[in-house]
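Colleague: Have a look at this one before I ask anything.
The values are calculated or read from the model by the stated rules, or taken from the named source; none is laboratory data. Just so it is clear, the model here is predicted, and its values are computed rather than measured. Don't worry about glycine lacking a Cβ; one is built from the backbone with ideal geometry, like all the others, and counts go over all protein chains shown.
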Amino acid sequence: MEYKELRNKVVIVTGANHGIGQATAVAFAREGARVFINYFRAAAEGYGVITTEQANNATEPGRAYYYKMQTKRPDDAIKAINEAGGVCYALEADLTEPGNLPMLFDKAENALGEVDIVVNNAAYCKLDTFIPASELEKKESFLGEFPMSTVTAESHDSHFAVNSRAVALMIREYARRYIERKASWGRIINISSDGAYSHPSAISYGASKLAMESYTRAAATELGPYGITVNVISPGAVQTGYMPSEIEKEICQVYPLRRVGKPEDIANAVIFLASKQADWITGQVVHVGGGNWM
């Protein structure tokens, strides 16, 4: 299905150098939208679990490969957009710096025009838990790959800075510019997680995503009168390079559709929520997870 109304719309997609963000940016370009790609490459060592050299040498899904994806440039997305005849602009910027958010909109407007759609996809996840360190030594790592640490003020704040605060400030900046120019049609789509309600082993990640869902509902109520819809997509397990093949096979056995997600599965749902067909959908959490969350 083609969504002709998306042609020439200007879209900001955050965290678009790999995975869901990359697939979303490419999907919009294929519909004729003009795409502004934001990304940020945190060094693998910043997660405290692996070196950049190990990540760069990884070839199979798992911890090292996932951090390789986190630190890649958006070259693949740009190439795919160009091959589709699309128009894009990419800028690296850390969303934990509040001053960078107005700058993103300035750059997008200068390069592509006034922003119609924002997809808040960028995320930070470093596993933390309430279990004390002495007990964690006795436990297996998450998915057999990712070590956990006891929650700290720093781990809490690092998650909320990207997954919650940056989303709120992106919405604020978009709303201000949209209302000032007296626009009448807009879309905000936020990417959450089906672990948002409760995420043992990733407690700050889950809580920060649930806070973002609350911001979404409030924004839908407040911005609806101006013609802006605001929705959440809540993905199930999507293979973005973090699941070792044996873990992926195990998850497939418990998902009703017997497979994990692909980034394109989430991108397709984003495109729908941005389309005219979703004109009367707002303030919703749409679960896209192969039936995992019923």
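Colleague: Among all residue pairs at least 6 apart or on different chains, which show Cβ distances below 6 Å where the first residue, located in region 135-150, is of a type in the set (Asp, Glu) and the second is modelled with pLDDT of 80 or more and surrounded by fewer than 16 Cβ atoms within 10 Å (Cβ to Cβ)?
Modeller: Cβ pairs passing all conditions: none.
Colleague: Are any residues in region 73-102 out of contact with any helix residue (DSSP H, G or I) (no Cβ under 8 Å at 6 or more places or on another chain), of a type outside the set (Lys, Arg), loosely packed, with under 14 Cβ neighbours inside 10 Å and not in a loop (DSSP other than H, G, I, E, B), and if so, which ones?
Modeller: ASP75, ASN82, GLU83, GLU92 - these are the residues of region 73-102 that are out of contact with any helix residue (DSSP H, G or I) (no Cβ under 8 Å at 6 or more places or on another chain), of a type outside the set (Lys, Arg), loosely packed, with under 14 Cβ neighbours inside 10 Å and not in a loop (DSSP other than H, G, I, E, B).
Colleague: Give just the number: which of (1) under 18 Å from the mean Cα position of the chain (by Cα); (2) in contact (Cβ under 8 Å) with a residue 40 or more places away in the chain; (3) part of a helix (DSSP H, G or I) does TYR67 not satisfy?
Modeller: All conditions are met except number (2).
Colleague: Among the candidates ARG258, ARG177, which residue alone is over 27 Å from LYS107 (Cα atoms) and either more than 17 Å from the chain's Cα centre (by Cα) or of a type in the set (D, E, K, R) (or both)? Give the steps one after another, and end with the answer.
Modeller: Details: ARG177 fails: over 27 Å from LYS107 (Cα atoms).
One residue alone meets the criteria, ARG258.
Colleague: Is it the case that some residue within region 242-257 is outside any helix (DSSP H, G or I) and on the phi > 0 side of the Ramachandran plot? Reasoning before the result, please.
Modeller: In the first step, residues of region 242-257 are kept if they are outside any helix (DSSP H, G or I); the result is 242-244, 253-257.
Now drop any that are not on the phi > 0 side of the Ramachandran plot, which leaves none.
Among the residues of region 242-257, not one is outside any helix (DSSP H, G or I) and on the phi > 0 side of the Ramachandran plot, which makes the answer no.
Colleague: Among the listed residues GLU53, GLU2, GLU60, which satisfies the condition of being in a helix (DSSP H, G or I) and either surrounded by fewer than 24 Cβ atoms within 10 Å (Cβ to Cβ) or modelled with pLDDT under 95 (or both)? First the steps, then the outcome.
Modeller: Numbers: GLU2 fails: in a helix (DSSP H, G or I); GLU60 fails: in a helix (DSSP H, G or I).
Matching residue, one of GLU53, GLU2, GLU60: GLU53.
Colleague: Here are the criteria: (1) out of contact with any strand residue (DSSP E or B) (no Cβ under 7 Å at 6 or more places or on another chain); (2) surrounded by fewer than 18 Cβ atoms within 10 Å (Cβ to Cβ); (3) of a type in the set (Val, Ile, Thr); (4) under 23 Å from TYR242 (Cβ atoms). Tell me which single one ILE179 does not satisfy.
Modeller: That leaves (4) as the condition not met.
Colleague: Condition test on THR216, is it touching a residue at least 40 places away in the same chain (Cβ under 8 Å), over 28 Å from ASP76 (Cβ atoms) and either assigned to a loop (DSSP other than H, G, I, E, B) or touching a strand residue (DSSP E or B) at 6+ places or on another chain (Cβ under 6 Å) (or both)? Steps first, please.
Modeller: On the way: touching a residue at least 40 places away in the same chain (Cβ under 8 Å): yes; over 28 Å from ASP76 (Cβ atoms): yes; either assigned to a loop (DSSP other than H, G, I, E, B) or touching a strand residue (DSSP E or B) at 6+ places or on another chain (Cβ under 6 Å) (or both): yes.
Yes, satisfied.
Colleague: While we're on this one: Under 6 Å between Cβ atoms, which residue pairs at least 6 apart in sequence (or on different chains) link something in region 274-287 that is closer than 25 Å to VAL35 by Cβ with a partner that is in a loop (DSSP other than H, G, I, E, B) and modelled with pLDDT under 95?
Modeller: SER275/TYR3
Colleague: A further question follows. What residue, of ALA25, ALA55, is in contact (Cβ under 8 Å) with a residue 12 or more places away in the chain, under 20 Å from ASP94 (Cβ atoms) and more than 15 Å from the chain's Cα centre (by Cα)? Before you say what the answer is, go through the steps one by one.
Modeller: Numbers: ALA25 fails: more than 15 Å from the chain's Cα centre (by Cα).
Answer to the check: ALA55.
Colleague: Is it true that ILE20 is at pLDDT 95 or above and closer than 27 Å to PHE142 by Cβ? So that I can check it myself, show each step before the final result.
Modeller: Values: at pLDDT 95 or above: yes; closer than 27 Å to PHE142 by Cβ: yes.
Answer is yes for this residue.
Colleague: Tell me which helices (runs of 4 or more DSSP H) are completely within region 115-211 and hold 2 or more residues being β-branched (Val, Ile, Thr), or say none if there are none. Talk me through it step by step, then tell me what you get.
Modeller: Numbers: elements: 133-136, 153-160, 166-180.
Result: 166-180.
Colleague: Now, a different point. With in contact with a Leu (Cβ under 6 Å, 6 or more places away or on another chain), surrounded by 24 or more Cβ atoms within 10 Å (Cβ to Cβ), of a type in the set (A, V, I, L, M) and under 26 Å from GLU109 (Cα atoms) as the only criterion, which of ALA23, ALA27, ALA33, ALA16 stands out?
Modeller: On the way: ALA23 fails: in contact with a Leu (Cβ under 6 Å, 6 or more places away or on another chain); ALA27 fails: in contact with a Leu (Cβ under 6 Å, 6 or more places away or on another chain); ALA16 fails: in contact with a Leu (Cβ under 6 Å, 6 or more places away or on another chain).
Unique residue meeting the criteria: ALA33.
Colleague: Please find, among GLU213, GLU222, the residue that is over 25 Å from GLN70 (Cα atoms) and of a type in the set (D, E, K, R). Before the answer, list the steps.
Modeller: Details: GLU213 fails: over 25 Å from GLN70 (Cα atoms).
Being over 25 Å from GLN70 (Cα atoms) and of a type in the set (D, E, K, R) holds for just one of GLU213, GLU222, which is GLU222.
Colleague: Please tell me if THR221 is farther than 15 Å from VAL260 by Cβ, of a type outside the set (A, V, I, L, M, F, W, C), surrounded by 18 or more Cβ atoms within 10 Å (Cβ to Cβ) and modelled with pLDDT of 95 or more. Steps first, answer last, please.
Modeller: Details: farther than 15 Å from VAL260 by Cβ: yes; of a type outside the set (A, V, I, L, M, F, W, C): yes; surrounded by 18 or more Cβ atoms within 10 Å (Cβ to Cβ): no; modelled with pLDDT of 95 or more: yes.
Spelling it out, it is not the case that THR221 is farther than 15 Å from VAL260 by Cβ, of a type outside the set (A, V, I, L, M, F, W, C), surrounded by 18 or more Cβ atoms within 10 Å (Cβ to Cβ) and modelled with pLDDT of 95 or more.
Colleague: Go through region 256-266 and give me each residue that's over 12 Å from SER234 (Cα atoms) and either out of contact with any strand residue (DSSP E or B) (no Cβ under 9 Å at 6 or more places or on another chain) or touching a residue at least 60 places away in the same chain (Cβ under 8 Å) (or both).
Modeller: Within region 256-266, PRO256, LEU257, ARG258, ARG259, LYS262, PRO263, GLU264 qualify.
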